[in-house]
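The values are calculated or read from the model by the stated rules, or taken from the named source; none is laboratory data. Note that the coordinates shown come from a computational prediction; the quantities given were computed from them, not determined experimentally. Cβ sites come from the backbone with ideal geometry, for glycine too, and all protein chains shown count toward neighbours. Note: accessible area is taken over every heavy atom of the protein model, side chains too, but ligands, DNA and RNA are not part of it. Shrake-Rupley method; radii C 1.70, N 1.55, O 1.52, S 1.80 Å.
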Amino acid sequence: MSAITSALPLPASGRVPLTLRVFAALDRKAWIALGVFLALALVVVPVLHLALPPENAFHVSTYAITLIGKIMCYALVAVAMDLIWGYGGILSLGHGLFFALGGYAFGMYLMRQIGRDGSYQSDLPDFMVFLDWKELPWFWLGSDSFGWAAFLVLAVPAVVAFVFGYFAFRSRIKGVYFSIITQALTYAAMLLFFRNETGFGGNNGFTDFKRVLDVPITAPETRLVLFALTAIALAATLVFSAWLVRSKFGRVLTAIRDAESRVMFIGYNPLWYKLTIWVISAVLCGIAGALYVPQVGIINPSEMSPANSIEIAIWVAVGGRGTLIGPVIGAFTVNLAKSWFTVSFPEYWLFFLGLLFIVVTLLLPQGLVGLWKKIMSKKQGAQA
């Protein structure tokens, strides 16, 4: 038990309240770092964006807010991947599917918010008018409700993950075979969403959003609210994940990762532990997708491409899997490098990404966090 909980009186039952267990999931330094992050995201960045003129050196541009907001969404996905790969030992190469499903679920609401301000001035989305649709498909009913859209963001990735995961884990598919199947799943979904008759905009997807909750989506205040919500979601995910992996559930999950047969021998059923963390990870990806779409302004089937899902795994590997903060560092490092490379040397980005993965695999198996720990341990050893 940490010093935080041991210093407090326990209830008569002897059990530590949930709030204290969540609070104790992070140490003092981690809470300070999280507080600094939230202060920057919720106070400093909005002030620098709204209060300072664009010509000021400290002004934070709209482009920077959109870029950082997008990367924070990616960081949330990386943490979700770390939960199943770093702590569950399950490598998914199809997590881009859950990210895109969350994005499409909220994108449907954003498309309905356009109303008659579209190119065809119709109650139907522009792509449906262009394709000569006469009415909304049944699965679009209720999509004009923010509450229903929020429910779909959580429910659709959860249901897809549960159905797929149940049959996969019950069949004891694991290792490279599981990774290949997840990649095939997201590729099949991408081909499905590319078709115009599915009712999701075909290869163009959803774009040209106007409003969210009847507020202009491009207004500076709206962008800052979305930016702040993404920061809060990322911080909350880190706290929740830290509590989860340090709970009894997390310890059993880690044991399954290291020695599944022994865990089964002592009476635990790995199916439900794997399935639970798989569904939780999918829901987190769906939330990230829903936050991503209004900030970037588009969602299309390319988000489901197998290459995107592989890139998610690279973020986790670069930062350091099994560390929670490592995937966040990896997502920021890789995507900031991508933003620079695709502008300065667009033809070399994929070569750099491949080289980065090789270097990390051979020289930094524990990622950047592992490298930092080695440096600090050597420094402390030298001082001793």
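Overview of results
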| read-out | value |
| --- | --- |
| Members of segment 357-380 that are open to solvent by 70 Å² or more (accessible area, probe 1.4 Å) and of a type in the set (A, V, I, L, M, F, W, C) | Phe357, Ile358, Leu362, Leu363, Trp372, Ile375 |
| Those residues of segment 48-66 which are of a type outside the set (S, T, N, Q) and surrounded by fewer than 16 Cβ atoms within 10 Å (Cβ to Cβ), in sequence order | Leu50, Ala51, Leu52, Pro53, Pro54, Glu55, Ala57, Phe58, His59, Tyr63, Ala64 |
| Criterion violated by Pro54 - all others in (1) more than 18 Å from the chain's Cα centre (by Cα); (2) not in a loop (DSSP other than H, G, I, E, B) satisfied | (2) |
| In segment 137-182, the residues that are open to solvent by 80 Å² or more (accessible area, probe 1.4 Å), under 16 Å from Leu213 (Cβ atoms) and not in a helix (DSSP H, G or I) | Asp144 |
| Conditions (1) open to solvent by 10 Å² or more (accessible area, probe 1.4 Å); (2) modelled with pLDDT of 95 or more; number of the one not met by Ala80 | (1) |
| In segment 20-47, residue farthest from Met72 (Cα to Cα) [restricted to those that are touching a residue at least 24 places away in the same chain (Cβ under 8 Å) and open to solvent by 80 Å² or more (accessible area, probe 1.4 Å)] | Arg21 |
| Check on Leu275, open to solvent by 20 Å² or more (accessible area, probe 1.4 Å) and out of contact with any Pro (no Cβ under 8 Å at 6 or more places or on another chain) | no |
| Subset of segment 297-355 (residues that are more than 30 Å from Ala33 (Cα to Cα), in a helix (DSSP H, G or I), among the aliphatic types (A, V, I, L, M) and open to solvent by 30 Å² or more (accessible area, probe 1.4 Å)) | Ala307, Val343, Leu350, Leu355 |
| Out of Gly103, Gly69, Gly107, sole residue that is part of a helix (DSSP H, G or I), in contact (Cβ under 8 Å) with a residue 40 or more places away in the chain and either open to solvent by 10 Å² or more (accessible area, probe 1.4 Å) or closer than 23 Å to Thr333 by Cα (or both) | Gly69 |
| Qualifying residues in segment 209-257 (those that are of a type in the set (Lys, Arg) and free of Cβ contacts under 8 Å to residues at least 12 places away in the same chain) - the one surrounded by the fewest Cβ atoms within 10 Å (Cβ to Cβ) | Lys248 |
| Failed item, numbered, when Ser6 is tested on (1) at pLDDT below 90; (2) touching a helix residue (DSSP H, G or I) at 6+ places or on another chain (Cβ under 9 Å); (3) not charged (D, E, K, R) | (2) |
| Every residue from segment 183-207 that is open to solvent by less than 40 Å² (accessible area, probe 1.4 Å) and part of a helix (DSSP H, G or I) | Thr186, Ala189, Met190, Phe193, Thr198, Gly202 |
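Let's see how each residue does on (1) over 15 Å from the mean Cα position of the chain (by Cα); (2) modelled with pLDDT of 95 or more; (3) under 25 Å from Arg170 (Cα atoms):
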position: Ile277; (1), (2), (3): no, yes, yes
position: Leu284; (1), (2), (3): no, yes, yes
position: Ala288; (1), (2), (3): no, yes, no
position: Val293; (1), (2), (3): no, yes, no
position: Pro306; (1), (2), (3): yes, no, yes
position: Val318; (1), (2), (3): yes, no, no
position: Thr323; (1), (2), (3): yes, no, no
